[in-house]
Amino acid sequence: MSNDAQPPMPDFPPPAPPAPKKPRNWVIISSAAAVIAAVIGTGVFVVNSRDDNSSSTTSAATTSATEDAITAAIEEPTPEPTYEVVDADSFTIELRTTKRQCFGSAGCNVTVEPELTYLGDSTAIDPDAVYEITYEIRGDDSGPVIETAELSDQTSLNYTPTSISTASSGTKVSAKITDVLARGY
């Protein structure tokens, strides 16, 4: 036999390489958590570095769209709503007579309540403010009577009925708004 001879070829196929193992769920979850933590950490770092008043530049620049979106969401403040300015010219007032007792030539005892109408859109009034609406009632024997009603929650009016005495049953009772004061905001 000569040394040049090669060994005979096997008549069966070589074994297949082993199949790659499927990654476990905990590996996927851990990887996702690490990516999220890195994005949030980078966003916080970028926001903190922007808040510094120093002129140094940071080497961490946000390059991914996710980081830009997080930074934009943190930086954009919610705009404050604007409301109409409410003053004495914003309302009309009428008086509703709820009780009247007349005594011939001695005049009448009259109880009245204000009926206010807002001249604009009531939803444009600040819902957190309380408006003190001062009005003057004319027609009382003793002179004008000053009262105040409170408007809250844009449409809720609180007041106290007013009792006045008139000189006669023909006396006209009227009201005029003199001031509106907003408080509570």
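Read the figures in this text as sums done on the coordinates, not as results from a lab. Predicted model, so just to flag it, every value in this text is computed and none were measured. Heads up, the Cβs are rebuilt from the backbone with ideal geometry, glycines too, and the neighbour counts pull from every protein chain shown.
Electrostatic tally near S168: other residues with Cβ closer than 14 Å to its Cβ, Lys and Arg +1, Asp and Glu -1, net 0. With all pairs of different C-alpha atoms in the average, the Kirkwood value for the hydrodynamic radius of segment 76-185 is 15.4 Å. In this simple spin-label approximation, E84 and A182 carry label points 7 Å from Cα along the Cα→Cβ vector, and these lie 1.2 nm apart.
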